[in-house]
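Just so it is clear, none of the values below were taken in a lab; they were calculated from the coordinates. Keep in mind that this is a model prediction, so the values were computed, not measured. Using ideal geometry, Cβ is built from the backbone for each residue, glycine included, and neighbour counts are taken over all protein chains shown.
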Amino acid sequence: MTIRSKLFATVALPVFAASLAVQPALADSLKAPFEVAQEGGEELSPEELLLLKKREQEQRKAEEEQQRAAEEEKQRAAEEEQQRAAEEEKQRAAEEEQQRAAEEEKQRAAEEEQQRAAEEEKQRAAEEEQQRAAEEEKQRAAEEEKQRAAEEEQQRAAEEEQQRAAEEEQQRQAEEEQTAEEPPAATEDKTTAEQPPAEEPAEQTGEAEQQPVPEGEEPATAEQMQAEQPEGQPAPEVVDERTVEEKQKIAEDPAASDETVVLPVEGGAAVLDSDKDADNAGGNRSRELRRQQREELRAKEEIVAPPADDAAAQAEIPAEFTEGLPQKVEAALSEEGQRVEAAPTFAVPETTNIVNNTMVNNTVINNTTVNNTTTNNVTEVRVVEETENRVILEAGDRIFVRGDDRPRLRRDAEETFYEELPRGRYRETIVRPDGYRVVTIYNRYGDILQRTRIDRDGNDYVLIYAPEYEERRRPAIVDVGYELPPMRLTIPVDDYIVDYAEEPDRDYYEFLSEPPVERVERVYTMDEVRHSARLRDKVRRVDLDTITFATGSAEVSMSQAKTLRRVADAMAKILERDPGETFFIEGHTDAVGSDRSNLLLSDKRADSVATLLSEVYGIAPENLVTQGYGERFLKIRTQEAEQENRRVTIRRVTPLVRPVAQR
């Protein structure tokens, strides 16, 4: 075999075979030297062979590099595609989430709109029902009044007919006797003439125990005359001939006048509740007597400015009373008692100094009062009606309701237990879920002697603290107004009473923080505050006339409850400053209906507002005391249905029932 053949077999043939696997153009370029060499019959030199091998390696490296670049490009493209797909998926998911959120928001708005519409419809229906009930009640009252008037007219006509028949019979008999026997007939005529009319004994009903009034003198009291009238009949008429401008002038500066201060509106009643009592008892005569006495007091005393704060209001309280108070409170809390299983049933008070008032706040209205000195006779208390946790009592010529606040205080408590203490007292301990305790000491009638709040750290705050007056015998129910002169209001009426509906944006924290308008003679019991209009007149009041009750109802709707927010926030701020404050909540009705039903209704209204303040606005129940007064303190003097008379009033009575600045 020739060298050329060997070279072709060992070198050129493998290279040629490899060139078949590469691109045709490149394979041709590799074969070219061999073809030339073969055609020329020349042999390749070692350098050419080395160069050929080097080219082969470079070609293979280039192919590998190209392949790697192609794979990298392919991978990059795949990653870009994957990233683009991920971003598109992410964008799609975001759009779907946005769309879903929009749909949910739309659905929520629709549900809220639907709920709001339902609430408005419910409220509208309730208001219509309330209005319908009010109209029905008004119509019923009108029909009852009409029927009562018809019955009275019928009864009067029957009595007149009976009296006329009796007189005719007497006259006939007298004529017959005169015809038969003249002298005896004259005697008989004289006897007949001296006999009182048939109706007169009926007019004396209720006065059997009263001393006879000498001829020419006034009846014993105006309140007695009121008590003799049928239930629901108006109180003695008060004719106020002052113009609205004159009333307004007095309301702006009451200190400059001795007249009874009234609300400067059509039919406006007296501003002070003690003046309302006097008007109800004696009408204009009582007003004139009180004016005279205020005039006398003004001549005797210097005009004293209203106290600047609670401490100044209590300046007349003896220092020995407040000395050692923390020790006295602690002694009452730690006094050993006997645990009882159930809540005690309190006794009904047996006696009172409230009589057929021989004197109303030192105003002389009968012949037994001399030189402003009156002995308050002790009379018995009679139970008129008992219902649920309330009892209606009759004392003298007044009826009133006594409720039981304990169920309201025990609501949501973790534990409540009672201990019997010496001298007929009971100690109630209420444990709250947030760790503080409320300890109240009652006497045997259920009157609060002491109430203390103890927080989880052991700090105690006195809410109510008054002596038990063991040094002298006292009736069970006392109106201390008998011991005080008529009140002289020395601040403008607008600074004494706030109508919430007229001044919703007023600073109620500042108003409720104001001190009493006159000095406080001593610390009083909570029960004394309940029973004395004269005592309550010492502190300012907020009339919640945005809480409008339907006739005969004690319900408070949530829409009306929202109107209490500013007053509730002010109360909460005062309690944050001093957790020992006490607020007195009064319920009132108009004059439609019986005294008994109105008393119960007013007490329920006060309780409804207290419960609302606790459950909706978080005012602790132990800081609230309630009492209903029925139609006794009308704001507008009318016997008709009147919305302004159906109201609830709030007073801060802390300086009346506790020494100030006491923890």
- Item | Interchain or long-range residues, amide H under 5 Å from ALA476's placed H | GLU350, THR351, THR352
- segment 285-311 versus segment 549-622: alpha-carbon centroid distance in Å: 32 Å
- Query: Between TYR509 and GLU245, what is the label-to-label distance in nm when each label sits 7 Å out along the Cα-to-Cβ direction?
  - Reply: 4.2 nm
- Query: Each label point is 7 Å from the Cα along the Cα-to-Cβ direction; what then is the distance between the points at GLU143 and LYS106, in nm?
  - Reply: 5.4 nm
- Message: Between ARG92 and GLN163, what is the label-point separation in nm under the 7 Å Cα-to-beta-carbon projection?
- Response: 10.4 nm
- Query: Which whole-Hz ³J(HN,Hα) couplings does segment 304-321 yield from phi under the Karplus relation 6.51 cos²θ - 1.76 cosθ + 1.60, θ = phi - 60°, glycine and proline marked x?
  - Reply: 9, 5, x, x, 7, 7, 4, 5, 5, 5, 9, 4, 7, 6, x, 5, 5, 5
